[in-house]
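First the structure, in the form of structure tokens, and then the observations on it.
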Amino acid sequence: MKKYINPRLLGFTGLILITSFFLGCKEDMGITKNKIGQKPGPVSNPKVQSISGGAYIKYDLPLSEDLRYVIAKYKLDNGIERESKSSIYNNEILVDGFGAAGEYTVELRAAAVGEVESDPITVTITALRPPYLLVLDKLKEGKNIEATFGGINLTYFNETKADIIIRVLKKDTNGTWEGIHTEYTDLETDKVRIRGLDAGPTDFGIYIEDRWDHFSDTLMVNLSPFEEIEIDKKDWKRFPLDNDAGSRGGQWDFTKIWDGNKNVGNLTKPSPLPVSIVAIDLGKPVLLSRLLSFPNNSSGGLYGLAHIYDFAVYGSNNPGSSGDW
């Protein structure tokens, strides 16, 4: 079947295309403000609530139909200029980033449509000790920095949940400081584990940084990471407890747990879960760092029948025989 085009429709379409072409050739004037609002009055009745490294400032908003937000302008102790904004649906604004406790001045302005700002008012705030220094203060307490196998552990407390950076340095054999770890965090508390270090006395330095280029003093400590070695198993033996599951014996003797043969499983007698398997007498006091567990490869795949999924390890240098943990 033949299709025909109406010549009047064709002419009309051409007119639309020509008109669209000329409309599209208008000069680009850029983005312009649709409206310029009236200059608002200033905010009033400011009240300051001091916090670590800054403050919250509460205020009364001016009456203005064109009002859009409130802006705070201030300079940090290291010269960085900062701005904070708060909408008209909130009558307080946060100013933060100060690197030292003390008094600072903040300019508050109300802003209307078209970025028209009111006259400023000046508010003096008192910032409390900043978060990055509080973290360092806590690191100095107790045993928050300790030597461990092949490295050190740092337990930090960041009570304000601020964005901080923990940097760890180590002095090498030539007396040169080198960075060995950087931890970015906003967690309230956690532990930093640094491994792969040589055993023996070592000088470490720890300092804290915030996101406004403030740096704490360096905390100097001398610690001796432990040498991590595999425990000699020649003196290991079973330590029977009254409530353990017991071994199946024979070719499934319990000593096969540590004999290096990974092809023997099902070593303990069946018992309802949770179960105390069997205690091992290590032959001497030791400090455990890591345990190596091989997956059960029975039942056609890894982690199959009789594999331990969740376990806890208890130790004692003076154990009883009851199995009462």
Within region 76-163, which trypsin sites (Lys or Arg not before Pro) sit in a loop by DSSP and count at most 13 neighbouring Cβ atoms inside 10 Å? Lys140, Lys143, Lys161
If ligands, DNA and RNA are left out, what is the accessible area of Tyr56 with a 1.4 Å probe, given in Å² to the nearest 10? 80
Which residue, chosen from Ser64, Gly102, Tyr89, occupies the Cα position most advanced towards the positive end of the dipole of region 49-145, where the dipole is computed from +1 (Lys, Arg) and -1 (Asp, Glu) charges on Cβ about the Cα centre? Gly102
So, R0 is 51 Å and r is the distance between the beta-carbons of Ser276 and Ser44; what FRET efficiency does that work out to, to 0.05? 0.10
Going Cα to Cα from Lys269, which aspartates and glutamates come in below 16 Å? Please leave out same-chain ones fewer than 8 positions away. Asp242, Asp244, Asp253
Whole-Hz couplings from phi, Karplus 6.51/-1.76/1.60, listed for region 310-321; x for Gly and Pro: 9, 8, 10, 10, 10, x, 7, 8, 9, x, x, 9
By the C-alpha gyration tensor axes a ≥ b ≥ c (rounded if a/c is under 1.5, else prolate when a/b exceeds b/c, else oblate), the shape of region 43-83 is oblate
On the protein heavy atoms, probe 1.4 angstrom, tell me the percent of accessible surface of region 25-143 carried by carbon and sulfur. 47
Can you give the accessible area of Thr155 in Å² (nearest 10), computed on protein heavy atoms with a 1.4 Å probe? 30
If you take every residue apart from Thr268 with its C-beta less than 12 Å away from the C-beta of Thr268, what net charge results, scoring Lys and Arg +1 and Asp and Glu -1? +2
XL table Lys58/Lys191; Lys138/Lys170; Lys39/Lys75; Lys140/Lys171; Cα-Cα > 31 Å flagged, in table order, is Lys58/Lys191
Residue-by-residue Karplus 3J(HN,Hα) for region 226-231, coefficients 6.51, -1.76, 1.60, Hz, glycine and proline x: 7, 7, 9, 10, 6, 5
Protein-only accessible surface order, largest first, of Val70, Val278, Val313 at 1.4 Å: Val313, Val278, Val70
Tensor-based shape of region 26-165 (alpha-carbon gyration tensor, a/c under 1.5 rounded, otherwise prolate or oblate): prolate
With an 8 Å Cα cut-off and a minimum separation of 6 or more residues, compute the relative contact order for region 113-202 in percent. 27
Inter-site label distance for Asp232 and Lys191 at 7 Å from Cα along Cβ, in nm: 2.9
Between Tyr309 and Val221, how high is the FRET efficiency from 1/(1 + (r/R0)^6) when r is the Cβ-Cβ distance and R₀ = 41 Å? Nearest 0.05. 0.60
I need the phi-derived Karplus couplings for region 160-177: 6.51 cos²θ - 1.76 cosθ + 1.60, θ = phi - 60°, integer Hz, Gly and Pro marked x. 8, 6, 6, 6, 10, 10, 9, 10, 10, 10, 9, 8, 7, 5, 8, x, 9, 7
If R0 is 35 Å, what FRET efficiency do you get for Trp177 and Arg211 from their C-beta distance, rounded to 0.05? 0.90
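The values are calculated or read from the model by the stated rules, or taken from the named source; none is laboratory data. What you are looking at is a predicted structure, and each value in this text was computed from that prediction instead of being measured. Neighbour counts run over all protein chains shown; Cβ positions are idealised from the backbone, glycine included. Areas reflect the complete protein model, heavy atoms only, side chains present, ligands, DNA and RNA absent. Shrake-Rupley method; radii C 1.70, N 1.55, O 1.52, S 1.80 Å.
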